[in-house]
Amino acid sequence: MNNLIFWFGVSTGISLVATVQYLVSLREQHQQPTTISTSYKNVPEKSQKQSNEKNLSAVATRPSSPIRGTLLASLDQQLTVTSSKLQKIVLHMVSEFKKGLQNDNEQLAMIPSYVVNRPTGKETGVYLALDLGGTNFRVCRVNLEGYGNIRMNHAKYTISEELKTGTGAQMFDFIADCVAAFCRDNNIPTDNHISLGFTFSFPVLQTAINKGTLTHWSKGFTCSGVVGVDVVDLLQLAFDKKGLKINIKALVNDTVGTLVTHAYTDPQTYIGVILGTGTNAAYVEKSHNIPKWNRDDGEVIINTEWGAYNEPSILPLTTWDRNIDRHTSNPKQQIFEKLISGLYLGEIVRNILVDLIKAGELFSGNGSPALNIPYQFDTAYMSRIERDHSLSLSDTRQLLEDVLNVPNTSYDDRRIVKHVCELVGTRAARLSAAGIAALVTKINRLDACTVAIDGSVYEHYPHFGNRMRDALQEILGITAQNIVMEQARDGSGQGAALIAALA
Ligand code: GLC
């Protein structure tokens, strides 16, 4: 029935979005909004603490009782993004994409990357690639062998909190030191101008393929003296100080690198997405659709910087989200990112748990000092808890009691913690899907499009991809089947080299 209405809408020229909206509203009339089951077992503490296998299997099969506590009872409603909400976000994001293409200084920067060609697979040569912007900094040697083959080796270096929040000069000197060490260890000559691609995954207003100024920091970086400055100049200066003769050919955002690398083997790739420490997307746009860029022919990859999307009347922000935002180094910025990406998900869960404890609705009101420390509840813990399918949630217990030092957890407590993770993780996945649906709609590729996705959240967070797919289906109906979401790997290394080769 729904399919019929959909095709009726499409074939009679009723706009696709209107058809999709109608389908969503139909579905919502007949279904509950998408929520996750909230069946906390009301088992007396005492019988829980005895916790033998027999007991636990009895607990697991006992019919659910209603949720206790008022805060708990409100969680589903606060954290669930319904289909119609997703639909609204999609429509609004599409209009924001268009605004960003029109003018500078809009909410979404929509930055032309100056990557106007996609690779053919025939590119060859040895390149250096740098990757700065996530948890680690990497130096890579990339060997483009032609015929679509790439060989690569790399070294990872940890970026300390001091470096992240120190001066720009310290950061770029550190980078140059790492490059010097890597070249020494790998016998790469640094006196004959080897070409380098620099993946710098922050909002950079590009003015050429190898020029661009940082507009603002994100993801906890605050190095002084960099905002408003050309980051390639800063890197070049650091290389010059160390006598490294290296030719910086390309400045690349990780999303652009991801798109380009995936397109190397799958030409249907029009969108590259990062779901990791931060989140962002790039896509292929026709030049004549970018009034602010003043070029009529061809296409260019646009770095959307969608992490900055922020429409308070549409985004489902809770008091926890607002509170976390207030305490970041970039308040009121990167709000979409703060709902979705790995840097923040664990912190959202931690804030909710702390409030549940305060309300006496979790751990009998007893938390732990560790739980009170901001960012102490890592997003990786959420993955671990969501992956815990044991009858007694034993791994969750170990994490809560042994790692986070919560004195004593009941099975009920662990179910609640798991459910909070599910709610926060699902909300992130559904919002990511809304971003993708908006981009696919913007470029009118609802008939066939590959979306290359990289980043720790997409790769390691259990069920994230499936939850995104469910949401995409709710938004786009049957058309969602034409959107292929694929795990991409190492666009930041290989992509930078490919783009340097194209440059
Ligand atoms: C942040 C940066 C963006 C980057 C993303 C993913 O949102 O602003 O440039 O692509 O993180 O790393």
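Taking the numbered list (1) part of a loop (DSSP other than H, G, I, E, B); (2) at negative phi; (3) aromatic (F, W, Y) in turn, Y114 passes all entries but (2). The single condition among (1) modelled with pLDDT under 95; (2) within 16 Å of the ligand (Cβ to nearest atom); (3) hydroxyl-bearing (S, T, Y) that T199 does not satisfy is (1). Go through the range 83-140 and give me each residue that's of a type in the set (S, T, Y), more than 16 Å from the ligand (Cβ to nearest atom) and touching a strand residue (DSSP E or B) at 6+ places or on another chain (Cβ under 6 Å). Result: T124, Y127. Consider the range 250-295 and keep the residues that are part of a loop (DSSP other than H, G, I, E, B) and β-branched (V, I, T). The one that is nearest to the ligand (Cβ to nearest atom) is T277.
Scan the range 166-204 for residues that are in contact (Cβ under 8 Å) with a residue 60 or more places away in the chain, over 15 Å from L234 (Cβ atoms) and part of a loop (DSSP other than H, G, I, E, B) and report the count. Qualifying residue count for the region: 3.
The residue of the range 315-343 that is farthest from the ligand (Cβ to nearest atom), among those that are in contact (Cβ under 8 Å) with a residue 12 or more places away in the chain and among the basic types (K, R), is K332. Of all the criteria given as (1) under 22 Å from I271 (Cβ atoms); (2) of a type outside the set (S, T, Y); (3) free of Cβ contacts under 8 Å to residues at least 24 places away in the same chain, the one not satisfied by L214 is (1).
With a requirement of 2 or more residues that are farther than 23 Å from H460 by Cβ, the helices (runs of 4 or more DSSP H) lying completely within the range 335-419 that satisfy it span 342-358. Does V229 satisfy being more than 23 Å from T167 (Cα to Cα) and either among the β-branched types (V, I, T) or without any contact (Cβ under 8 Å) to a residue 40 or more places away in the chain (or both)? Taking the combined requirement at face value, the residue does not satisfy it. Once the range 264-278 is narrowed to residues that are surrounded by fewer than 24 Cβ atoms within 10 Å (Cβ to Cβ) and touching a strand residue (DSSP E or B) at 6+ places or on another chain (Cβ under 9 Å), the residue that is farthest from I194 (Cα to Cα) is Q268.
Remark: T304 matches the filter, which requires a residue to be among the hydroxyl-bearing types (S, T, Y) and in contact with a strand residue (DSSP E or B) (Cβ under 6 Å, 6 or more places away or on another chain). Take the conditions (1) at pLDDT 95 or above; (2) within 16 Å of the ligand (Cβ to nearest atom); (3) not polar (S, T, N, Q); K219 misses just one of them, which is (1).
Check whether at least one residue in the range 205-214 is exposed (fewer than 13 other Cβ atoms within 10 Å of the Cβ) and under 30 Å from K292 (Cα atoms), and report yes or no. Taking every residue of the range 205-214 in turn, at least one turns out to be exposed (fewer than 13 other Cβ atoms within 10 Å of the Cβ) and under 30 Å from K292 (Cα atoms).
Among the residues of the range 301-314 satisfying the criterion of being part of a loop (DSSP other than H, G, I, E, B) and not aromatic (F, W, Y), which is nearest to the ligand (Cβ to nearest atom)?
E305
Which fully enclosed helices (runs of 4 or more DSSP H) of the range 439-503 have 3 or more residues being within 16 Å of the ligand (Cβ to nearest atom), surrounded by fewer than 24 Cβ atoms within 10 Å (Cβ to Cβ) and not β-branched (V, I, T)? If you could, list the steps in order and put the result at the bottom.
Numbers: elements: 456-460, 464-476, 496-502.
Ranges flagged: 456-460.
Residue check: G298 meets all listed conditions (1) within 16 Å of the ligand (Cβ to nearest atom); (2) touching a helix residue (DSSP H, G or I) at 6+ places or on another chain (Cβ under 8 Å) but one, namely (1).
Please determine, by comparing only the residues of the range 85-106 that are in contact with an Asp or Glu (Cβ under 6 Å, 6 or more places away or on another chain) and crowded, with 16+ Cβ neighbours inside 10 Å, which one is farthest from I348 (Cα to Cα). Top of the filtered list is G100.
Contact map, the range 255-269: first residue in contact (Cβ under 8 Å) with a residue 40 or more places away in the chain, second residue part of a helix (DSSP H, G or I) and of a type in the set (S, T, Y), Cβ cut-off under 6 Å, separation 6 or more or different chains; pairs are G257/S492.
Considering only the range 215-230, I want to know if a residue exists there that is among the hydrophobic types (A, V, I, L, M, F, W, C), buried (at least 16 other Cβ atoms within 10 Å of the Cβ) and closer than 21 Å to G495 by Cα. No, every residue in the range 215-230 fails to be among the hydrophobic types (A, V, I, L, M, F, W, C), buried (at least 16 other Cβ atoms within 10 Å of the Cβ) and closer than 21 Å to G495 by Cα. One residue is enough: does the range 344-356 have a residue meeting the conditions surrounded by fewer than 24 Cβ atoms within 10 Å (Cβ to Cβ) and within 14 Å of the ligand (Cβ to nearest atom)? No; the residues of the range 344-356 include none that is surrounded by fewer than 24 Cβ atoms within 10 Å (Cβ to Cβ) and within 14 Å of the ligand (Cβ to nearest atom). Checked against (1) closer than 26 Å to A503 by Cβ; (2) outside any loop (DSSP other than H, G, I, E, B); (3) among the polar types (S, T, N, Q), Q78 passes all but condition (1).
The values are calculated or read from the model by the stated rules, or taken from the named source; none is laboratory data. The structure presented is a predicted model; accordingly, all values stated were derived computationally and were not measured. Counting neighbours? That spans all protein chains shown, and the Cβs are built from the backbone with ideal geometry, glycine included.
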